[in-house]
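Just below is one structure, and these are the notes that go with it.
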Amino acid sequence: MSPHTSPHPSPRFGYGTNGLTDLRLDDALGLLADLGYDGVGLTLDHMHLDPLAPELAARTHRVAHRLQQLGLTVTVETGARYVLDPRRKHGPSLLDPDPDGRAARTRLLITAVQVAADLGAHAVHCFSGVTPPGTDPDTAWMRLEESLHPVLDAAATAHVALAIEPEPGHLLATLADFHHLRRLLGGPEPLGLTLDIGHCQCLEPAPPADCVREAAPWLRHVQIEDMRRGVHEHLPFGDGEIDFPPVLDALRAIGYQGLTVVELPRHSHAGPDLAERSLRFLRDAGGAAC
């Protein structure tokens, strides 16, 4: 083997449809395939694949066919802002004081697991939600644990990984919080981790590349963008503080072969241009990491 040849495969890049909301889904998928992406992070939402509209199975089948035609792999993401409640961002959550609200979020995640199975997706992404005012931590963790049990059962039956994301400001905000949940649940096999590289820069004590290595045994999905320390703002590459070659080298070194998905949900107005620029940046940074 050449000294310049890595023994590990390169990361496989995708782009999140939550950053392409001004495009029809077919057009978004065609764009990503034309640009050379390996896959897509598909957010279930009203403008693309609506999880609550009629004939979901038939619509999912059409999307699966389109993905196959284009040679794109997929991870299902569940971060739509107002898909359940048109007035509350990400509401109701798995921590909602109202049991019916928590049950609605659980049902949405179970639906996402079925969609993922029908698409042949790598994983279903989810998050805990923000702790409601007046809720003590023990109660919040108990609600999260109880709400996830049916989702994990569905994931086990469907053979789909459930990849929960540490999210700044949420109950489950850090890698340490992920491990706390894992222990509460008894380490179920379907439970994995979504690691957002920007979030690592934002609030983890270790550098992002170290977070990748620490997360390796549970890593099922990766989101990537630039970010600054202490500021939860998803930025185009080059606008933040992250040194990306070590991050991509770490992903390569651990043999991660899920998707690494660009996550720019507030930049949909410039989605096609940013999708092109992002892939070029990541490929250049990946080359520098070799």
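Numbers below:
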{"item": "Residue-normalised accessible area of the range 92-231, expressed per residue, 1.4 Å probe, Å²", "result": "37 Å²"}
{"item": "Centre separation in Å (Cα based) which lies between the range 165-217 and the range 29-50", "result": "25 Å"}
{"item": "Cα gyration tensor category, rounded, prolate or oblate, for the range 1-86 with a/c compared to 1.5", "result": "prolate"}
{"item": "With eigenvalues of the C-alpha gyration tensor scaled by 5 and rooted, the chain, Å", "result": "28, 23, 18"}
{"item": "Where the range 248-287 is the region considered: accessible area per residue in Å², 1.4 Å probe", "result": "40 Å²"}
{"item": "Estimated vicinal HN-Hα couplings, Hz - the range 229-237 in sequence order (Karplus 6.51, -1.76, 1.60; Gly, Pro = x)", "result": "4, x, 10, 7, 9, 6, 10, x, 4"}
{"item": "Helical segments meeting 27 Å axial Cα length and Kyte-Doolittle 0.0 threshold in the chain (DSSP H)", "result": "99-119"}
{"item": "Nearest-20 debye value, the range 163-245 charge dipole, Cβ charges on Lys, Arg, Asp, Glu", "result": "360 debye"}
{"item": "Surface share of carbon and sulfur [accessible, 1.4 angstrom probe, percent] for the range 1-105", "result": "50 percent"}
{"item": "Placed amide H near Ala163: partners under 5 Å, 5+ positions off or other chain", "result": "Val124, His125, Cys126, Gly192"}
{"item": "The chain - share of DSSP beta bridges that are antiparallel (%, nearest 5)", "result": "5 percent"}
{"item": "Whole-Å distance, taken between Cα centres, linking the range 218-290 and the range 94-160", "result": "26 Å"}
{"item": "Cα lying deepest toward the dipole's positive end in the chain, options Pro207, Leu171, Val74, charges on Cβ", "result": "Val74"}
{"item": "Amide H contacts of Asp85 (H built 1.01 Å from N, under 5 Å, at least 5 apart or other chain)", "result": "Gly91"}
{"item": "The range 101-220: C-alpha gyration tensor shape, a/c 1.5 cut-off, then a/b vs b/c", "result": "oblate"}
{"item": "Local net charge near Thr106, Cβ-Cβ under 15 Å (Lys/Arg +1, Asp/Glu -1)", "result": "-3"}
{"item": "Net charge of neighbours whose Cβ lies under 13 Å from the Cβ of Ala215, counting Lys and Arg as +1 and Asp and Glu as -1", "result": "-3"}
{"item": "Accessible surface of the range 173-243 [probe 1.4 Å, protein heavy atoms]: carbon and sulfur percent", "result": "49 percent"}
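The values are calculated or read from the model by the stated rules, or taken from the named source; none is laboratory data. Values in this document were obtained by computation on a predicted structure and should not be read as measured data. For neighbour counting, all protein chains shown are included, and Cβ atoms are generated from backbone atoms with ideal geometry for every residue, glycine included. Quick note on the areas: whole protein, heavy atoms, side chains included, nothing else; ligands and nucleic acids left out. Shrake-Rupley method; radii C 1.70, N 1.55, O 1.52, S 1.80 Å.
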